[in-house]
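Take a look at the structure below.
Nothing in this text is a laboratory measurement; each read-out follows from the coordinates by a stated rule. Keep in mind that what you see is a predicted model, and the values were worked out from it rather than measured. Here the Cβ is made from the backbone with ideal geometry for all residues, glycine too, and neighbour counts use every protein chain on show.
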Amino acid sequence: MSESQKKILEMLAQNKISVEDAHRLLSAIGADEGGRGDTGTGHEPERDRRSGTKTNPKYLRVTVTPAEGDTGGKGNLFQDGNVGRVNVRVPMSLIHAGIKLSSLIPGEALDKANHALKERGINFDIRHVKPEDIEELIEALGDMQIDVEGGRGEKVKVFVE
Amino acid sequence: MSRPPILMHIRFKNEDRSFGLWLPLFLLLPLALVVLIILSPLILVALFLLWPSGWSLWALKVLKAACVSFCAMRGLEVDVQNASQHVYISVV
């Protein structure tokens, strides 16, 4: 048990902080100590899942890596001169701001978007998306990791860090 | 609203040439302030005229959202590379 953890428990015993506050502080310390000795892999939410604590994700990262070495004559995206390596890091705050910006879309444009979605077989009304749903969606992104491997060996990864 | 970005780094590289550019975004803020002060009489008249239609409120909301989006850009990084070209954009 570290000094900070002892101090929090002492404060709890002395009724200086509530049980919830103590839990929050202990979780924060746990996350901080878990973060030490980070090898730079950038998979903090995954580690937090394992340790049982949860931190707010800061960035959404999308990476595309072409196949390495011989691809058996199939070629790969890099050799074909198309997009080879892609590494995009989008701050979550920007996603948040972008989604909020979408609430300012005029009604006629939303109708058109709904119509276009329906044409593509997606029966979804954008008007029904509420700010609370968006908050929940962004929070849930912390648990997300997508790994796709293409036919030519390219790997697409989407995760938050 | 978070702190606005200070710099934007753009790097482009292909087989023939390569260049890098540091754009001082922090200089945009005083510039925008000066433009806002100069245009403020016109903006106020436009807001006053458009108030009954509700467009001025919408315009103010859009302006606020644009400012928030600009500030949220800090940390954005785009790195795209193929066999012959490399484009890198980073907002610091």
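Points worth noting:
- Cβ-defined net charge surrounding A:Glu149, 11 Å radius [Lys, Arg +1; Asp, Glu -1]: +1
- Highest mean packing comes first when the peptides B:13-21, A:148-156 are listed by Cβ atoms within 10 Å, giving A:148-156, B:13-21.
- When you filter the chymotrypsin sites (Phe, Trp or Tyr not before Pro) in segment A:76-161 for DSSP loop state and at most 13 other Cβ atoms inside 10 Å of their Cβ, you are left with A:Phe124.
- Residue mean of other protein chain beta carbons inside 10 Å, B:81-92: 3
- With contacts taken as Cα pairs under 8 Å at a separation of at least 6 residues, chain B carries a relative contact order of 45 percent.
- Cα shape, segment B:33-90, gyration tensor, a/c 1.5 rule: prolate
- Other protein chain C-beta atoms within 10 Å of residue C-beta, averaged over B:68-78: 6.
- Shielding by partners, peptide B:56-65 (average Cβ within 10 angstrom, other chains): 2
- Under the Debye formula (equal points on every Cα, no solvent term), log10 I(q)/I(0) of segment A:105-149 at q = 0.22, 0.25 Å⁻¹: -0.85, -0.88
- A Gaussian network model of chain B, with springs between Cα atoms under 10 Å, assigns the largest mean-square fluctuation among B:Leu39, B:Leu25, B:Leu47 to B:Leu39.
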